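Coordinate-derived values only; no laboratory data. Everything numeric here is computed off the predicted structure, so don't read it as measured data. Glycine gets a Cβ as well: all are built from the backbone with ideal geometry, and neighbour counts include every protein chain shown.
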Amino acid sequence: MTPSSNNASQESADDPFLLVHAYCDGELDPANALALERRMADDPRLAAERDRILALRSAMGRIKSHAVAPPALRAKVERAVGMRRAAVRPTWSALAASVVLAAAISVGATWSLLAPGGAVADEVVGNHIRALMATQPYDIASSDQHTVKPWFNGRIPVSPRVVDLASDGFPLVGGRIDVIARTPVPSLVYRARKHLISVTAMQGGGVPSPARTADGYHVIAWSAGGVSYWAVSDVGLDELQKFVKLFQAAPTSE
Amino acid sequence: MSDERTRFANVVLPHLGDAYALARWLARNDSDAEDIVQEACLSAFRGIAGFGNINARGWVLSIVRNTAYTWLKRHRDGKVVAVENVEEVEHARADTSGDWASAPASPEAALIERADAARLEAAIAELPIEFRETLVLREVEGLDYRAIAEITGVPIGTVMSRLARARRRLMAQLGKDAT
């Protein structure tokens, strides 16, 4: 370490303005955050710095429009590593038609098609990855559980349990229909900081298996009320576990 | 598909958008960003066996970041500040704005909030690359200090001071533009 970088750490410990930045980034432990909140309440210069940081963040939010790679770049990369062009995500109308068809031919027997735990986990991860790669990770974008739930009602036989976890740091961002063992199933999409969590619901309980990890994605399964749930994400395992606990404990919207 | 290709599709491709965003901010040019991402993806593909199943996104971003530095050095030598000198640069520049506590006339938050997107984008593009990458990893990619420190290879204290200085410069710039 160079002497100057020592200075940088030294100075950060003493400089309240630097601490305001760390505070706005959620990097202070609760005791230091509390102490700084008191100082900001007493010192308008510190409070003004906080307001400027948040204002800058909000202004930057308006220019973050480049998180989607150009399709030509994706194709180039896939060719470069010798992959075939990835399958195109089915259009909504085609998907809707297949949903109707599947529902029509499999009344009552739909859920018995489900593969055993390990294979379902693979499909859940596959669906999540495909969603991340699509233009949007959901078919309906909404943070309102009262919009998402009825959207499913019109499309699949059983609408999933939708809970509001926004105040716990996991806002709902939308819903989509995935296909597992040729059966259309509802998936909810929640945001965890910059990551997404997909929760897929399937009729039929009793499949829970231990949390598993594949290619950096964690999967946690549980069942409740005759429905099995599969949560998948690349957030840390402890954060996904926290999410699952909150999801299980949250009151259901009607 | 081979195992490597399946793995690549699962580990790297979901983060292609984030990779492109980072490369674009580092290169400040769309077509160079595409070249950097493509090169980084090839490195990731070759090294996929070494990926330890933890934090695919951080792994991909750090490959993109390192590829961008090598690429910029090769194609635009001289415009990239050598990493060894950056702390001196930071201190020299910080000194001109004086003590934090007596920071001169910072603009009102409302003025920053209203900043024109194109102006803000230009102000970010003008930041020295070490400040810019730290800011982008934090505000665009949403990484925490520890992850940024790992990717950029500097202590967490340096991440904190670079971030504060990057923001300070943007604030000052936006205040200047408005007058």
Would you please give the residues with an amide H less than 5 Å from that of A:Leu165, counting only those at least 5 places away or on a separate chain, with H modeled from the backbone geometry? A:Leu172
What nm distance separates the two modelled labels at B:Asp144 and A:Thr252, each placed 7 Å from Cα along Cα→Cβ? 3.4 nm
Surrounding net charge for B:Val37, when Lys and Arg each add one and Asp and Glu each subtract one, Cβ distance under 12 Å: -2
In nm, give the distance between the simple-model label positions of A:Asp43 and B:Glu121, each being 7 Å from the Cα along the Cα-to-Cβ direction. 3.7 nm
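Loop-only trypsin sites (Lys or Arg not before Pro) in the stretch A:159-208, please: DSSP not H, G, I, E or B, and at most 15 other Cβ atoms within 10 Å.
Here the sparse-neighbourhood loop sites are A:Arg182, A:Arg193, A:Lys194.
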Once you sort the root eigenvalues of the Cα gyration tensor of the stretch A:30-69 as a ≥ b ≥ c, which label holds: rounded (a/c under 1.5), prolate (a/b larger than b/c) or oblate (the other case)? oblate
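For a 30 Å ceiling on Cα separation, which of these pairs sit above it: A:Lys76/A:Lys194; A:Lys76/A:Lys149; A:Lys76/A:Lys242; A:Lys149/A:Lys194? Don't skip to the answer; put the middle values down first.
Working: A:Lys76/A:Lys194 26 Å; A:Lys76/A:Lys149 39 Å; A:Lys76/A:Lys242 39 Å; A:Lys149/A:Lys194 24 Å.
Going by Cα-Cα distance, A:Lys76/A:Lys149; A:Lys76/A:Lys242 fall outside the 30 Å limit.
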Near the amide H of A:Gly204, under 5 Å away, which other amide H atoms are found, from residues 5 or more places off or on another chain, if H is placed in the peptide plane? A:Val227, A:Ser228
Along the Cα→Cβ direction, 7 angstrom out, place labels at B:Ala110 and A:Ala224. What is the inter-label distance in nm? 4.6 nm
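Per residue of A:15-27, what is the mean number of Cβ atoms on other protein chains within 10 angstrom of that residue's Cβ? Let's see the in-between values first.
Numbers: counts 6, 2, 6, 7, 2, 2, 9, 7, 0, 3, 10, 2, 8.
Taking the mean over all residues of the peptide, I get 5.
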Starting from the Cα-Cα distance between A:Ala181 and A:Gln241, subtract it from 0.36 nm times their residue separation and give me the gain in nm to one decimal. 19.0 nm
Taking each residue in B:51-59, count the Cβ atoms of any other chain within 10 Å of its Cβ, then average. What number comes out? 3
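Count the net charge of all other residues whose Cβ sits under 14 Å from the Cβ of A:Asp29, scoring Lys and Arg as +1 and Asp and Glu as -1.
Result for the neighbourhood of A:Asp29: -3.
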Going residue by residue through the stretch B:107-121, the Karplus relation 6.51 cos²θ - 1.76 cosθ + 1.60 with θ = phi - 60° gives ³J(HN,Hα) values, rounded to whole Hz and with x marking Gly or Pro, of x, 5, 4, 4, 5, 5, 4, 7, 3, 5, 4, 5, 5, 5, 4
Rounded FRET efficiency, nearest 0.05, which uses the C-beta distance separating B:His75 from A:Arg57 and R0 of 35 Å: 0.65
Taking θ as phi - 60°, what are the ³J(HN,Hα) couplings along the stretch A:177-191 by the Karplus curve (6.51, -1.76, 1.60), each to the nearest whole Hz, with x for Gly and Pro? 9, 9, 10, 10, 6, 6, 10, x, 9, x, 10, 9, 10, 10, 9
